[in-house]
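Shown next, in C-alpha cells, is the structure this report addresses.
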Amino acid sequence: MTTIDLTPGTDTTAAIPGPATPYQDDIARYWDQEARPVNLRLGDVDGLYHHHYGIGDVDVAALGEPGEGARERKVIAELHRLESAQADVLLDHLGGVPREGLLVDAGCGRGGSMVMAHQRFGCRVEGVTLSAKQAEFANQRVRQLGIDEYVRSQVCNMLDMPFETGTAAGSWNNESSMYVDLHDLFAEHSRILAVGGRYVTITGCWNPVYGQPSKWVSQINAHFECNIHSRREYLRAMADNRLVPNAVIDLTAATLPYWELRATSSLVTGIEEAFISSYKDGSFQYLLIAADRV
C-alpha cells in the first residue's frame, strides 16, 4: 500500500502512481480523452457531474409537449434528475455516517457523487480515479463550491488506495467495478474499511441464469473497454473478503425508463439498444449490493 499526506489542502491530484498494468493505462487514456455530451451536458444542469445512469419513473409532465422548443432541454434535465436519484439511493445504503468519518469513492469520475455525499453527511470524502483529467475536473469543481477542505479527488489505482487500514466509515463503487478483478477490489475495500463499515456498489452485471454473457453484454464491454462480471462473481468475491451483504436489490426495472428516455434524446451514443435489449431479455441486470465489513 502506498500512503501519502492527506492533510486538508494538500494537492494530491497526481501524487499517487496510477496505472499498474497496460490495461489500466489504456483505461486511464480512455477516460482522459472522454468528453461525451451525455456526461457533460447533464452535469451542466446543476453542476453535479456523474458517470453513471439513472433510476426511477420519468416525470412525463416535466418534459412538455412533443415538438415544443424547450423539450430537449427538459429531457436533459430529467435524465440528470434520474442520475442524481441513483446516487441518492446508493448514499441511502451507506447508513449513518459520522461527520468525522471518511468516505471513499473508488472510481470517482468527475466527482458528482462525492459532492452529494458531503452535502448529506458533512464528512470528508476522498475519490480515486485513474484519469488525471477527471481528478483535475472534480477538484476544480469542489474549489468552486468552497468544499475542497472536505472533498478531494486524486489519481490512484483503486486496488492500492492511499488510506490507512480500517480508517474508512464507508466506501463505494458506482459503475466502476467492471474495470478490475473483483477479488483484488474487495480485498482493498475490506482493508480500508473499519469493522462495521459499509460498502455499496451499483453495477451492471450479467445474469448467470442466462448461461453466458449475451451479445448485448459483449457490445457494452467493447463500447466501454470494460469486463462486466456476473452477479455470482460479486457475491463470491465479497464472501471471500469479509464483506457480508445486507441488501441485494435488483434495479433493472427502475433503470429502464432512463434508458428509454435517453434513446429519444439528442445525446444518444449508439449503446442504448444494447442496454435496453439486455435488460429486457434478462441477460443483464442492474444491481445494488450493500455489504458490511466483519
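The values are calculated or read from the model by the stated rules, or taken from the named source; none is laboratory data. Computed from a prediction, not measured in an experiment: that's the story for all the values here. In this analysis, Cβ positions are derived from the backbone assuming ideal geometry, glycine residues included, and neighbour counts consider all displayed protein chains. Heads up: the accessible areas ignore ligands, DNA and RNA and are worked out on the full protein's heavy atoms, side chains in. Shrake-Rupley method; radii C 1.70, N 1.55, O 1.52, S 1.80 Å.
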Would a scan of region 46-57 turn up a residue that is free of Cβ contacts under 8 Å to residues at least 60 places away in the same chain, open to solvent by 60 Å² or more (accessible area, probe 1.4 Å) and either closer than 22 Å to Gly204 by Cβ or assigned to a loop (DSSP other than H, G, I, E, B) (or both)? yes
From the option list Leu40, Leu94, single residue qualifying as of a type outside the set (Gly, Ala, Ser) and without any contact (Cβ under 8 Å) to a residue 24 or more places away in the chain is Leu40
If you check Ile220 against the conditions, is it under 25 Å from Phe275 (Cα atoms), part of a helix (DSSP H, G or I), in contact (Cβ under 8 Å) with a residue 40 or more places away in the chain and out of contact with any Cys (no Cβ under 7 Å at 6 or more places or on another chain)? yes
Taking first residues from region 245-269 that are open to solvent by 70 Å² or more (accessible area, probe 1.4 Å) and second residues anywhere that are in a strand (DSSP E or B), the pairs with Cβ under 7 Å that are 6 or more apart or on different chains are Asn246/Ala290; Asn246/Ala291; Asn246/Asp292; Val248/Leu287; Val248/Ile289; Asp250/Gln285; Asp250/Leu287
Exactly one of (1) at pLDDT 90 or above; (2) open to solvent by less than 40 Å² (accessible area, probe 1.4 Å); (3) out of contact with any Phe, Trp or Tyr (no Cβ under 6 Å at 6 or more places or on another chain); (4) among the hydrophobic types (A, V, I, L, M, F, W, C) is unmet by Val38. Its number? (1)
Take the residues of region 2-35 that are of a type in the set (A, V, I, L, M, F, W, C) and modelled with pLDDT of 50 or more: which is nearest to Ser266 (Cα to Cα)? Ala35
Among the candidates Arg198, Arg242, which residue alone is at pLDDT 95 or above, open to solvent by 10 Å² or more (accessible area, probe 1.4 Å), in contact with a helix residue (DSSP H, G or I) (Cβ under 6 Å, 6 or more places away or on another chain) and of a type in the set (Lys, Arg)? Arg242
Scan region 122-139 and tell me whether some residue there is modelled with pLDDT of 95 or more, over 26 Å from Phe186 (Cβ atoms) and not in a helix (DSSP H, G or I). yes
Of (1) outside any loop (DSSP other than H, G, I, E, B); (2) at pLDDT below 95, Gly67 fails just (1)
